[in-house]
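A short worksheet on the structure shown next.
Derivation of every value follows stated rules applied to the coordinates shown; laboratory data play no part. Note that the structure is a prediction, hence the values are computed from the model and not measured.
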Amino acid sequence: MKVLLVGQPNVGKSSLLNALTGAKVIISNYPGTTVDVSTGEAVIGGRKFTFIDTPGVYSLTPSSEEEKVTDGIILEGDYDFVIQVIDATALERGLIITLQLAELGVPMIVALNFWEEAEKRGILINRDMLERILGVPVVNINPVKRNLKELVERLDEAKPSRYTFSYDDHIEIAIAEVMKRLKYEGKLSRRVLRSNSSKVTP
């Protein structure tokens, strides 16, 4: 199983990778760039997992080299699912990426890090409600304390979000027209259409 770790900078992806793999991590440049990508392996429940820590990004609409690398890795589709790590003290900011992954139909698990700190600040997250809305597993993690029990137990539950998106009729019509002209109908074509849909005029 190949799993991508995705999230914004400083949300604890590297700590999660180390906790999952026992710090047996290989760091290398993504081909054609100077951007580091970390990879580690672990056997969980008798199965071998390869975890790939993608560069931290603020969204999947690339404007930096790091974002281009992460966006490219996701669009390549060479993985089984994504674990999106979110800083629970800044949930709204992290959900930007969650919704972008949902729109792509990417199987995923949402992992809330720093949830203890969020509770100390009086930030209470209704995980059950969030899970119902998104339609994907939402778990608490603490990589520093190796508290990953819930995440590990729910690795088999990763799935695409059922959160639905809709566009104005003129945009839907324009997308349908462009799709007719595209011979390739994979993730890439859908992502290109979505990222540029706001630029389409009737």
Working out 0.36 nm times the residue gap between residue 144 and residue 34, then minus their Cα-Cα distance, what length gain in nm do you get to one decimal? 36.8 nm
Can you work out ³J(HN,Hα) from phi for every residue in segment 11-27, in order, using Karplus 6.51 cos²θ - 1.76 cosθ + 1.60 and θ = phi - 60°, giving whole Hz and x for Gly and Pro? 9, x, 5, 5, 5, 5, 4, 5, 5, 6, 10, x, 6, 8, 10, 10, 10
Going residue by residue through segment 146-156, the Karplus relation 6.51 cos²θ - 1.76 cosθ + 1.60 with θ = phi - 60° gives ³J(HN,Hα) values, rounded to whole Hz and with x marking Gly or Pro, of 6, 8, 10, 4, 5, 4, 4, 5, 10, 4, 6
Once amide H atoms are built 1.01 Å from N in the peptide plane, which residues 5 or more positions from residue 44, or in another chain, come under 5 Å H to H? 49
